[in-house]
Each structure stands twice: as structure tokens, then as C-alpha cells.
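The values are calculated or read from the model by the stated rules, or taken from the named source; none is laboratory data. Quick caveat: nothing in here was measured; it's all calculated off a predicted structure. Glycine also receives a Cβ, built like all others from the backbone with ideal geometry; neighbour counts cover every protein chain displayed. Ligands, DNA and RNA are stripped out before the accessible areas are found, and what is left, the full protein with its side chains, is counted by its heavy atoms. Shrake-Rupley method; radii C 1.70, N 1.55, O 1.52, S 1.80 Å.
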Amino acid sequence: MRTFVSAVAAVLGLLLSAVAIPAIWADRNIVQEDGFVALAAPLGQDAAFQQRLAAATVGTIDTGAVPDALARLVKPVLEAAAGSLTGLPGYPAAWEETLRKSHRLSFADPATLPPEADSSSSLTLDVAPLVALATGEISRATGLPLKAPEQTLINVGQSGQRQIIAGLTAYAPLGYPLAVGAGIAFVLALVAARRKWSVLFCVGFGALVLAGLWTLGSTMARAAVLRTASGNGVADMFKNEFVAAAASSFGSWVTGALIAGGVLLVAGLVIRIASPGRRRPTR
């Protein structure tokens with residue numbers, strides 16, 4: 001009976017862990033604003049990404065108020081602004097604020113979104129802080145009173161993908177109680193087991209299997225997301241870079257699971273080898 005209880009508890013712990021770990025990662029790195037910003041912030045330090053984003057940002061500046069006689073003079077200023085935007089002192093703060101505003105829009109109730117935002121899109125970028133930074137620089141260089149918009153929205157994703165965001169918001173926080181349940185199940189499995197080493201070995205082996213399944217699932221999810229196209233170059237550029245950063249971040253968690261599983265598996269083998277075997281009773 002003890003062996004049966006131990007086996008059931010160990011399997012239950014692995015099943016709960018299979019859901020808990022990805023859910024906790026998603027909550028910390030996608031659902032929570034600070035985690036999202038920390039995950040996406042390094043994208044603003046990539047030179048190639050910076051230049052492409054700066055060029056796209058400057059391209060959204062409305063120069064309709066510029067007189068036709070000055071239009072030719074403004075064009076070189078816009079090109080220079082695109083090249084120097086990422087080097088401005090205010091760029092890091094503007095990029096962080098862009099991420100925070102984008103996260104708030106993406107995880108907001110669709111009913112509260114502004115008309116410019118597509119409520120069926122999975123992610124909405126608001127690059128207004130970057131546009132404001134570029135607009136101020138151009139105004140100082142030309143003396144023209146250009147006004148920065150309060151919002152510059154770019155929709156990322158395809159129709160219906162906001163349901164994924166709603167699902168993450170609702171279910172990702174459940175990873176924490178699931179993790180607690182998994183921990184209790186593992187303790188119960190260890191306490192009830194007649195052979196402690198077998199629990200360590202099986203849980204370690206199970207962790208290695210879960211790491212493989214998580215890697216497979218992450219690869220399939222990444223491929224599915226990259227196959228979608230929003231029709232907007234800036235949106236697709238951000239999506240591709242963010243998905244790569246997310247895959248790398250989750251991969252570090254998978255590596256941790258591999259290490260933990262390997263340690264438990266080896267510990268179980270060592271305990272089994274070091275423990276004295278049962279001796280047959282002599283007549």
C-alpha cells in the first residue's frame with residue numbers, strides 16, 4: 001500500500017509540475033508588467049533592432065503641418081533623426097515607457113481600449129514615447145512646432161489571438177498553487193516510499209522527460225507564432241525578436257529542470273549503490 005501511495009503521489013507531482021512551471025514562467029515574464037519589460041528591454045539594446053525601430057518610428061511622425069517650401073529641408077532632418085534616435089539620452093527611458101504602455105494596452109479589457117486599437121489583436125504596441133522623443137529632437141533641429149501624438153498604436157498578431165492573452169491572464173497565476181501541490185505530492189511520495197532512492201530516481205527521470213516535452217512544446221509554439229504575419233513590418237519585427245527572447249528565457253528554466261532532474265536521478269543511484277542490500281536469512 002505504501003508503495004502504491006508513493007507511486008501515485010510521485011506521478012501526481014510530475015503532472016502538476018508539467019503545468020505549474022510553464023504557468024509560473026508565463027505569469028512572471030508575460031502577464032506581470034515588470035517581467036514583460038525586463039524580458040523585452042534588451043531588444044532595445046540590439047543595434048540592428050534599434051536602427052530598424054528608429055527608422056520605423058520616425059516614419060510615423062506627421063509632417064503635414066510643415067509648409068511645402070520646407071518639406072525638402074525636413075526630409076534630411078528626419079533621416080538624421082532616425083540614425084541618432086537610439087543614441088539620445090532619453091532613449092532608454094522612452095523604450096521602457098513604450099513597453100509599459102504597450103503591456104497595459106495588450107492586457108487591458110477590450111471594452112476599455114481606444115478606437116485605434118484592434119481589440120481582436122493579441123498585442124498592441126504604443127510607440128508614442130519614442131515618437132515624442134524623435135519629434136522633440138526634430139523640433140529642436142528645425143525650429144518647427146511639431147506636436148507629438150498621445151498614442152501611436154501598432155497592432156501585432158492576427159484576429160482572435162487576444163483570447164490567448166485573456167487565457168494567460170486568467171490561468172497563469174494558478175501555477176503557484178499547482179507548484180505547492182506538486183511539492184506536497186513529492187514530499188508525500190518520499191515519506192510513503194519504502195525505498196527512498198526509487199522516488200528520487202523516478203522523479204529525476206520524470207523531470208528530464210518534462211524538460212524534453214517543454215522544449216518540444218516551446219519549439220512548436222514559437223514556430224506557430226512566427227508563421228503568423230500582421231502585415232506591418234514594425235509589428236512583425238517586434239514579434240520575431242520578442243518570441244526569440246521569450247524562447248531563450250523559458251529555455252533557461254528548462255535547463256534548470258534538466259539540472260535538477262539529473263541531480264535527483266544521480267542521487268537516487270548513489271543512494272541505491274551505497275545502501276546495503278537485503279541479506280537472505282540463513283537457516
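Residue by residue, here is whether (1) assigned to a helix (DSSP H, G or I); (2) under 15 Å from residue 263 (Cβ atoms); (3) aliphatic (A, V, I, L, M) holds:
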residue	(1), (2), (3)
169	yes, no, no
174	yes, no, yes
179	yes, no, yes
185	yes, no, yes
191	yes, no, yes
199	yes, yes, yes
205	yes, yes, no
210	yes, yes, yes
214	yes, no, no
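Determine whether segment 233-247 contains at least one residue that is basic (Lys, Arg), more than 21 Å from the chain's Cα centre (by Cα) and surrounded by 14 or more Cβ atoms within 10 Å (Cβ to Cβ).
No, there is no match, as no residue in segment 233-247 is basic (Lys, Arg), more than 21 Å from the chain's Cα centre (by Cα) and surrounded by 14 or more Cβ atoms within 10 Å (Cβ to Cβ).
Has segment 46-60 got at least one residue that is modelled with pLDDT of 80 or more, open to solvent by less than 60 Å² (accessible area, probe 1.4 Å), small (Gly, Ala, Ser) and at negative phi?
There is no residue in segment 46-60 that is modelled with pLDDT of 80 or more, open to solvent by less than 60 Å² (accessible area, probe 1.4 Å), small (Gly, Ala, Ser) and at negative phi.
Go through segment 116-142 and give me each residue that's at pLDDT 70 or above and part of a loop (DSSP other than H, G, I, E, B).
Within segment 116-142, just 127 meets the criteria.
Name the residue that is modelled with the lowest pLDDT, counting only residues in segment 216-232 that are surrounded by fewer than 15 Cβ atoms within 10 Å (Cβ to Cβ) and outside any helix (DSSP H, G or I).
231
How many residues does segment 188-205 contain that are open to solvent by less than 90 Å² (accessible area, probe 1.4 Å) and within 31 Å of the chain's Cα centre (by Cα)?
Result for segment 188-205: 3.
How about segment 1-37: which of its residues are open to solvent by 70 Å² or more (accessible area, probe 1.4 Å) and assigned to a helix (DSSP H, G or I)?
2, 3, 4, 8, 11, 12, 15, 19, 28, 34 - these are the residues of segment 1-37 that are open to solvent by 70 Å² or more (accessible area, probe 1.4 Å) and assigned to a helix (DSSP H, G or I).
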